[in-house]
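K.L.:
Right, I'll just put the structure down here and ask away after.
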Amino acid sequence: MSEFEILDPRMRGLVIGTAQLERLWTGARWAEGPAYFPAGRYLVFSDIPNDRMLRYDETSGAVSVFRAPSGNSNGNAVDLEGRLVSCEHRARRISRTEHDGGIVALATHFDGRRLNAPNDIVVKSDGSVWFSDPTYGIDSDYEGDAAPSELGRQCVYRLDPATGALGAVVTDRLQPNGLAFSPDETVLYVVDSGASHVADHPRAIVAYGVRPDGTVADPRTFALLPDGFYDGVRCDAQGNVWASAFRAVHCYAPDGTHLGTLPMPERVSNLCFGGLKRNRLFITAQTSLYAIYVNARGAARPTPRP
Ligand code: MG
């Protein structure tokens, strides 16, 4: 027995039968962007409409306001030096929180035009910062400031923080959203939640091959939903893909087989692995933060080759 619906026998090896889904905290309007900081044993996450970031302390269970206002922050990640990097809807930028607490802008424009509203973010082992830039944060005043898109398109960008160089790497998605690299970083998974704007648009996770030069190629549909939307996505160390999908978390094998599903009491936005063994799946869902221990570890960034 487990909280998961087992669709493929491989899923049995990924769950812990006695582990329960825990609601750790509630009180958000739309919780998003969980990022776990192992050195401090805390999790930072966003409450987008309430314009704040929260901090869950794993040692005490306490949740407190980490930053408000937050620029209507959405996705968060931890960079190679343990710093917080964040997507900010209202500021329409990527920011980094320095070790001294200062906040710096890493990316605000592409080709001289303002970004739409960065949504989700991941850091590769070479230090490059990859983020999606759909329009959700400028579509209304609820999660940012309503505004027209200056770019007129929604891309995934690759930022080199050392040089500031910004490149559009994924340009063929309607609304790119959650991002994750496979454990060896040869595959980039990109959620396309474009069905929010075009009803018959495929509700897909698309897998791209990642070239050594930081470009991507050969997109293929990795997973599809019949309805609802994928949002956040993460890989475990075995390359399985864990994806938020409306009122559930789905797990897929690297070959795309749907292995199992964790039904959720609320609509799920995003997820990340954390805890000292990276075997605790933290899930942000609508008003609440949830967690469940699984028999899988989140993918660690590979050590870069010299
Ligand atoms: Mg998202």
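K.L.:
Taking R0 as 30 Å, what FRET efficiency do you get between ARG297 and TYR142 from their Cβ-Cβ distance, rounded to the nearest 0.05?
P.N.:
0.25
K.L.:
Output ³J(HN,Hα) for the range 79-92: one whole-Hz value per residue in order, computed from phi by the Karplus curve 6.51 cos²θ - 1.76 cosθ + 1.60 with θ = phi - 60°, and x for Gly and Pro.
P.N.:
7, 5, 9, x, 8, 7, 10, 9, 8, 10, 5, 5, 7, 6
K.L.:
On the Cα set of the range 23-71, report Rg and Dmax in Å, please.
P.N.:
That works out to 10.2, 29 Å for Rg and Dmax.
K.L.:
Then there is this: Shape verdict for the chain, please, from the Cα gyration tensor: rounded (a/c under 1.5), prolate (a/b greater than b/c) or oblate.
P.N.:
rounded
K.L.:
Still on this structure, I have one more. Using a cut-off of 13 Å between beta-carbons, work out the net charge of the residues near ASP79 (Lys and Arg +1, Asp and Glu -1, ASP79 not included). Don't skip to the answer; put the middle values down first.
P.N.:
Numbers: positive: ARG83, ARG96, LYS124, ARG301; negative: GLU81, GLU98, ASP126, ASP160.
So the surrounding residues net to 0.
K.L.:
Want the number for THR287 to ARG220: 0.36 nm per residue separation, take away the alpha-carbon distance, what's left? Could the numbers behind the result be given before it?
P.N.:
On the way: separation 67, 0.36 × 67 = 24.12 nm, distance 3.32 nm.
Gain in length upon complete extension: 20.8 nm.
K.L.:
Amide H of VAL268 versus every other amide H placed in the peptide plane: which residues, excluding those fewer than 5 positions away on the same chain, fall under 5 Å?
P.N.:
Amide H neighbours of VAL268, under 5 Å, 5+ apart: ALA245, PHE246, ARG247, ALA248.
K.L.:
How many angstrom separate the Cα center of the range 127-161 from the Cα center of the range 199-273?
P.N.:
20 Å
K.L.:
Efficiency by 1/(1 + (r/R0)^6): what FRET value for HIS109 and LEU80, r their Cβ-Cβ distance, R0 = 30 Å, to the nearest 0.05?
P.N.:
For R0 = 30 Å, the calculated efficiency reads 0.80.
K.L.:
List the residues whose amide H sits under 5 Å from the amide H of TRP25, counting only those 5 or more places along or on another chain, with H placed 1.01 Å from N in the peptide plane.
P.N.:
HN-HN under 5 Å from TRP25: LEU289.
K.L.:
Next up: If Lys and Arg each add +1 and Asp and Glu each add -1, what is the summed charge of the other residues whose beta carbon sits under 11 Å from the beta carbon of GLY214? Working shown, then result.
P.N.:
Working: positive: LYS124, ARG158, ARG211; negative: ASP126, ASP160, GLU185, ASP213.
Local charge sum for GLY214: -1.
K.L.:
Can I ask one more? May I ask you to list the residues of the range 161-191 whose amide nitrogen lies under 18 Å from a point 7 Å from Cα along the Cα→beta-carbon direction of ARG211?
P.N.:
166-173, 185-189
K.L.:
For the range 264-281, what does the Karplus curve 6.51 cos²θ - 1.76 cosθ + 1.60, with θ = phi - 60°, yield as ³J(HN,Hα) per residue in whole Hz, taken in order and with x for Gly and Pro?
P.N.:
10, x, 9, 6, 8, 9, 7, 7, 7, 8, x, x, 4, 9, 6, 10, 10, 8
K.L.:
Decide, for the range 178-230, between rounded, prolate and oblate: order the square roots of the alpha carbon gyration tensor eigenvalues as a ≥ b ≥ c, take rounded if a/c falls under 1.5, and otherwise choose prolate if a/b is larger than b/c, else oblate.
P.N.:
Because a/c hits 1.5 or more and a/b exceeds b/c, the range 178-230 counts as prolate.
K.L.:
What is the set of long-range amide H partners of ALA299 at a cut-off below 5 Å, with H atoms built 1.01 Å from backbone N?
P.N.:
Under 5 Å from the amide H of ALA299: CYS235, ASP236, ALA237.
K.L.:
Keeping every protein chain present and rolling a 1.4 Å probe, give me the accessible area per residue for the chain in Å².
P.N.:
So the chain comes to 41 Å² accessible per residue, rounded to a whole number.
K.L.:
If you put +1 on each Lys and Arg Cβ and -1 on each Asp and Glu Cβ, how big is the dipole of the range 35-239 around its Cα centre, in Debye rounded to 20?
P.N.:
160 debye
K.L.:
Right, next: Hey, any idea what % of the chain's accessible area is carbon plus sulfur with a 1.4 Å probe?
P.N.:
Values: 5990 of 12410 Å².
Result for the chain: 48 percent of the exposed heavy-atom area is carbon or sulfur.
The values are calculated or read from the model by the stated rules, or taken from the named source; none is laboratory data. These figures come from a predicted structure and were not determined experimentally. Every residue, glycine among them, receives a Cβ derived from its backbone with ideal geometry; neighbour counts consider all protein chains shown. Calculation scope for accessible area: heavy atoms of the full protein, side chains included, ligands and nucleic acids excluded. Shrake-Rupley method; radii C 1.70, N 1.55, O 1.52, S 1.80 Å.
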